[in-house]
Amino acid sequence: MAIVNIGFSEFLEDNIKEITDKYDWMKTRTFKLCKTIEEFKEFIDKAIEFGHCVLDLETNGLSTRIKKVDNKIVSVTTIVGFCLCYDTTFAIYVPINHLEDAEYNLPEKKTLDEIKRLCTNCKVIFHNAKYDVALLKNYGIIISDYKMFEDTIILGRLYDAGTKETGLKKLSEKLLNQPMLELKEVTGGENRFDLISPNVGYIYGGSDAICTFDLYKFFEKQDIIKQQEFIYNLEKRIVFVVIEMESHLIKINIPYLLEIRKKAEERIEKLTKEIYELVNHEFNIDSPLQLGKILFDELEYEYPQKRKTTTGQYITDDKTMKKIAEKYPLVQKILEYRNLKKLTGTYIKKLLLNTDKEGFVKLSFNQVGTDTGRFSSPGGAGLEIDGYSGVNFQSMPKKPDKKNPELDLRKAFTVRDPSKTMVAIDYENEEMRVATNLSNETVWIDAIKKGVDFTIYKKTPDGLQNEITLFALWGKLIQEGLQSENKDIIILAKQLKSKVVNIQLREFP
């Protein structure tokens, strides 16, 4: 690894070299901290000449929201610096908003002008274009043409549709055999990029840029872009749609949310006492270990499973509990207790914590988050602190618990304008309609016009039962059967697939 013109202390230089020497691939790459705007302009000129350039943003957060400060609209998240690379051997880092060693920062406006020039005259390579394009928009840099960018996170999904790993570090190690630096390795544990010195951050940022470039070249070599050109370009167009979707915040009825939380907590308290009375002593209802011992050892309830966990515990998940709920009133109360705890903890608490002063909350949508091509709405720890709700809205209950119909969470979502109406829309037979459009199959087109329901097959002589979804079955065969290493399973999968195809041809010749 070449350390170019960085000028920091001998101790820090030795420390960085010791860290990066653990990564063999970095030894042949050059990382540079850009110190003047003239140097940056020269780099942009060369990138435009090459026709492509990786652009990676280092920031102090993940939110793409904007806010009003002193009557000015500003970005919630600050861009701390830019990592760029147009060649696999060399990357540059341009700091603009570091709080540590701020004297290294280049003028923000002049730097942004050069970034705008790059995005206007050169194809930019991102890893997760949705985030970068949205954040650049907050700084007045508009990318509106899908032909002007590439996205390795989308290419990663197209290369391996079944993968759950779309992060840069995971893909780099898996596909390139290039394990990447962890931020804590060069920062001593500091997670905010603006609080570390550019003298350290440039190596971390530069490695991000080079690995993104190497990933793009890998996918290019695999011919993914040409082989799946239509789908890839479609996904790139959708990036702009997702950005627009996320920019429209959801209005929350806070008084209603507080009201149902109070009712739910009162019901939880009452249920807790009733459960203790039925057991004749107190215990931790949320503990699967304690619950299993009480139900199946102490009370000697019928255990509906044939096995226990690998650690010898009774299985007490909802699916297991529902099998014996009708027989035991105590189990019914435990299931109700769990539903209410999930309502208050997973949903209401996070919504209340992350709704802004005007009563709005932001959703996150991931267009490459599922095997089927559908959107996912990721939740979980960490997202809520960066301007998103942290709630998986797609897992939100459609209807309230039958025992507590007044606790309807969906009524908390309301319209911004009382004169407007909120509408819920479900696209019927969506997958089949897409397949029909792509194939131009005249029989399917005619069937859709007649209102045929493609997804459900009635019981047939072939043994397929009601409510077997054709596409779900095909997906399961392809993913789990045809990709199996077991020859017998592959043969069985092919036979089942043939049977399904025959039924398909019979129903829609």
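The values are calculated or read from the model by the stated rules, or taken from the named source; none is laboratory data. If you're wondering where the values come from, they're calculated on a predicted model, not measured in any experiment. No Cβ is skipped: glycine too gets one built from the backbone with ideal geometry, and neighbour counts run over all protein chains shown.
Just a few scattered comments:
- Hits in the range 275-289 - residues which are surrounded by 14 or more Cβ atoms within 10 Å (Cβ to Cβ) and not hydrophobic (A, V, I, L, M, F, W, C): PRO288
- Of all residues in the range 227-256 being among the polar types (S, T, N, Q) and over 18 Å from the mean Cα position of the chain (by Cα), the one that is farthest from TYR93 (Cα to Cα): ASN253
- Residues in the range 376-395 that are buried (at least 18 other Cβ atoms within 10 Å of the Cβ), within 9 Å of the chain's Cα centre (by Cα) and at pLDDT 75 or above: there are none.
- Selected residue (only one of ILE141, ILE115, ILE92 is at pLDDT 95 or above, part of a strand (DSSP E or B) and of a type outside the set (Gly, Ala, Ser)): ILE92
- Filter result for VAL80 (modelled with pLDDT of 95 or more, in contact with a Leu (Cβ under 7 Å, 6 or more places away or on another chain), among the aliphatic types (A, V, I, L, M) and in the same structural domain as LEU136 (by TED's automatic domain parsing)): no
- Any hit, the range 265-274, residues being of a type in the set (Val, Ile, Thr) and surrounded by fewer than 15 Cβ atoms within 10 Å (Cβ to Cβ): yes
- Applying the criterion of at least 2 residues that are touching a residue at least 12 places away in the same chain (Cβ under 8 Å) and closer than 30 Å to LEU438 by Cα to the helices (runs of 4 or more DSSP H) found wholly in the range 227-295 leaves 229-247.
- Members of the range 325-337 found to be surrounded by fewer than 19 Cβ atoms within 10 Å (Cβ to Cβ), touching a residue at least 12 places away in the same chain (Cβ under 8 Å) and within 36 Å of the chain's Cα centre (by Cα), listed by number: LEU335
- Note on the range 396-449: residues that are part of a loop (DSSP other than H, G, I, E, B), aliphatic (A, V, I, L, M) and surrounded by fewer than 14 Cβ atoms within 10 Å (Cβ to Cβ) amount to 5.
- Given (1) within 22 Å of the chain's Cα centre (by Cα); (2) under 14 Å from LEU55 (Cβ atoms), index of the condition TYR139 fails: (1)
- Residue within the range 215-226 that is out of contact with any Cys (no Cβ under 7 Å at 6 or more places or on another chain), surrounded by fewer than 12 Cβ atoms within 10 Å (Cβ to Cβ), in the same structural domain as TYR347 (by TED's automatic domain parsing) and more than 30 Å from ASP417 (Cβ to Cβ) present: no
- Yes/no for ASP145 being out of contact with any strand residue (DSSP E or B) (no Cβ under 9 Å at 6 or more places or on another chain) and closer than 20 Å to LYS217 by Cα: no
- Test: residue in the range 312-319 that is in the same structural domain as PHE393 (by TED's automatic domain parsing) and more than 22 Å from ILE275 (Cβ to Cβ): yes
- Matching residues in the range 346-367 - criterion: being in a loop (DSSP other than H, G, I, E, B) and of a type outside the set (Val, Ile, Thr): ASP356, LYS357, GLU358, GLY359, LYS362, LEU363, SER364, PHE365, GLN367
- Annotation for the range 330-345: at least one member residue is of a type outside the set (Phe, Trp, Tyr), over 25 Å from ILE260 (Cβ atoms) and either part of a loop (DSSP other than H, G, I, E, B) or at pLDDT 90 or above (or both).
- Counted residues, the range 167-226 - those being within 20 Å of PRO95 (Cβ to Cβ), in contact with a His (Cβ under 9 Å, 6 or more places away or on another chain) and not in a helix (DSSP H, G or I): 2
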